[in-house]
Amino acid sequence: QKSIAVIGAGLAGLASAIRLRSQGHNVSVFEANDYPGGKLTAFTEQGYRFDMGPSLFTMPHFVEDLFKVANKSVKDYFEYHQKSIVCNYFYEDGTRFSAYADKNKFATEASRTFNVNKKAIIGYLNKSKRKYDLTASLFLEKSLHKLSTYLSTDTLNAILKINTLDLNTSLNEYNANVFSDERLVQFFNRFATYNGSSPYQTPGIMSMIPHLEQHYGTFFPKGGMHSITMSLYQLAKDIGVVFNFDTKVEEIITNKRQVTGIKANGAIVNADIVVSNSDVVPTYRQLLKKHKAPEKVLQQPRSSSALIFYWGITKEFEELDLHNIFFSKDYRTEFDQIFNKNTVYDDPTVYINITSKEEPNDAPEGCENWFVMINVPSNKGQDWDEIIEYSRKNILTKLTRLLDVNLESLIAYESILEPRTIESRTQSYQGALYGAASNNKFAAFLRHPNFKNSIKNLYFCGGSVHPGGGIPLCLLSGKIVADLIQKNN
Ligand code: FAD
């Protein structure tokens, strides 16, 4: 039985704490905020409840696993249901497309809307599945930085079939090769944003992401996304994980290339093992100042960030569902602005999430709680006040046009989250949503490993390290860390 200090109560911190406690260790979590969940939190104002960060829930089995390893019944903590429509899409030319979860229905609808052979859609999704099946165990479920990973048959199989992974074309090139309808290419290009990358730069292997949505489905947790955080927090407490809130860790203490504890609020807390769920950049720059930082890894370009308007809207919109996308007229220019010019496009793709569609109590009667988000570059000191004002105007113009309503007059409540506040609330370097971007084929190998060879008993989890950002991968990073600790102790 070891004493383990986890720095941060983000999803990966909670997942590793639950797994390590289930292995029998004494686990204490140190969290700078006065609440758990990091990016996955929520607030309520004037009768409108908003999930602040993630809104799309896929692969719920990774959450369920945590209850299983802790020997608890999921049903006592967490409920969710599958969505039959994944997302409603709106195009500038007036096209509307509902992406169904059912593969056959999806293909029928896509074939009708985009004038494409249904078989081509099914073929695309089948190929997407093959890519996922070939690579998941190598890239997502194990440490990429252990020799044993490369000696497994799964890995050899992936390497033998490397040509089928489309690593040498961009996602956009890959999609444009398969489909001629630009709207359909834009639809499949969008999946690059699931890890904060550009479809014009991220490799074609990312075409595996639609498979995850199509095969595993998308879900809505009862009580909203925040209940993922709160149920895991409750589970962790129930099995004996100790939480220290309002406790910002200032240093990871080491002696002879081995961790001995942490320093928080000026006091030293001894620990046999330290797991950092803090973004890897501040972990090195602030907590490990005496150690040499892996500069090449830390300097990888960040994924995109987000600008979100939380709007209380005094009307109900029948044509909208839980997830809605209003595409920009020119995706290439939009991503060029974000990733190459470090600014925003004047016709941004707008995502609207409305949880009151699922949970009527999330908004007053006759009203809706709109989470309105656009992709923006990570924070490199841009004039965000100006960008926010400009984007607000452009978003309102676009939605007013596409929904044929004077939207501004319907906004009864507003608050904003943007790269600076994402960074200050969660320590995420440059306010990036998913750590480093996956804008080149080596990105997976340039993410920081979940351990550090030169400092014994120090481990890393969360969206900025292997295997990457987003809820499922963060939860997997917690599993990889717990598995490594079990093996090493
Ligand atoms: P984080 O959430 O980054 O939390 C880290 C925690 O560590 C924080 O609580 C922080 O306070 C704490 N901490 C850091 N340093 C210290 C320190 N020195 N001492 C003490 N505590 C410290 N993912 C999806 O899957 N689907 C989505 O739809 C989606 N949409 C998103 C939308 C937005 C607006 C945002 C912001 C993110 C979105 N994501 C989405 C990404 C997802 O939220 C993240 O990948 C995931 O929640 C990150 O979890 P994490 O474990 O890395 O920790």
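Computed from the coordinates by the stated procedures, all read-outs in this text should not be read as laboratory data. No experiment lies behind these values; they were computed from the predicted model shown. When we count neighbours, we look across all protein chains shown, and the Cβ atoms used for this are built from the backbone with ideal geometry, even at glycine.
Charging the Cβ of each Asp and Glu at -1 and of each Lys and Arg at +1, and nothing else, the dipole of the chain about its Cα centre rounds to 2440 debye.
Of interest is the spacing of the C-alpha centroids, which for the range 441-489 and the range 1-46 amounts to 16 Å.
Each peptide among 333-340, 424-431, 117-124, 261-268 gets the average number of other Cβ atoms lying within 10 Å of its residues, and from highest to lowest they stand as 424-431, 333-340, 117-124, 261-268. From the Cα gyration tensor of the chain, with a ≥ b ≥ c the square roots of its eigenvalues, which class applies: rounded if a/c is under 1.5, or else prolate if a/b is larger than b/c, or else oblate? Here the chain falls in the prolate category. Shown for S22, S28: other C-beta atoms within 10 Å of each C-beta, ranked fewest to most, produce the order S28, S22. Name the shape class, rounded, prolate or oblate, that the alpha-carbon gyration tensor gives for the range 241-371, where a ≥ b ≥ c are the square roots of its eigenvalues, rounded holds for a/c under 1.5, and otherwise prolate holds if a/b is larger than b/c and oblate otherwise. In terms of gyration-tensor shape, oblate. Helix 471-488 against the longest principal axis of the chain: what's the angle in degrees, Cα atoms only, rounded to the nearest 10? In the chain, helix 471-488 runs at an angle near 20 degrees to the longest axis. Here the dipole of the range 371-466 is about 680 debye; that uses its Cα centre as origin and unit charges on the Cβ of Lys and Arg (positive) and Asp and Glu (negative). As a length-normalised measure over Cα pairs under 8 Å and 6 or more apart, the relative contact order of the chain settles at 23 percent. Spatially, the range 63-91 and the range 389-406 are offset by 33 Å when compared through their Cα centroids.
Only lysine pairs 8 or more places apart, or on different chains, with alpha-carbon atoms under 30 angstrom apart are counted in the range 309-453, and they number 21. By other beta-carbon atoms within 10 Å, ranking L167, L212 with the fewest at the front produces L167, L212.
Exceedance of the 21 Å cut-off in Cα-Cα distance is limited, within the set K39/K456; K72/K222; K289/K487, to K39/K456; K289/K487.
Annotation: aspartates and glutamates with alpha-carbon distance below 15 angstrom to K142 (same-chain offsets under eight excluded): D133, D154, D483. Tell me the angle of helix 103-114 to the major Cα principal axis of the chain, expressed in degrees between 0 and 90 and rounded to the nearest ten. Taking the Cα atoms of the chain, the angle to 103-114 is about 40 degrees.
Among F243, I209, M230, flag the residue with its Cα farthest along the positive direction of the charge dipole of the range 166-263, charges on Cβ as +1 for Lys/Arg and -1 for Asp/Glu. Farthest towards the positive pole: F243.
Cβ crowding within 10 Å ranks W384, W311, W370 as W384, W311, W370, fewest other Cβ atoms first.
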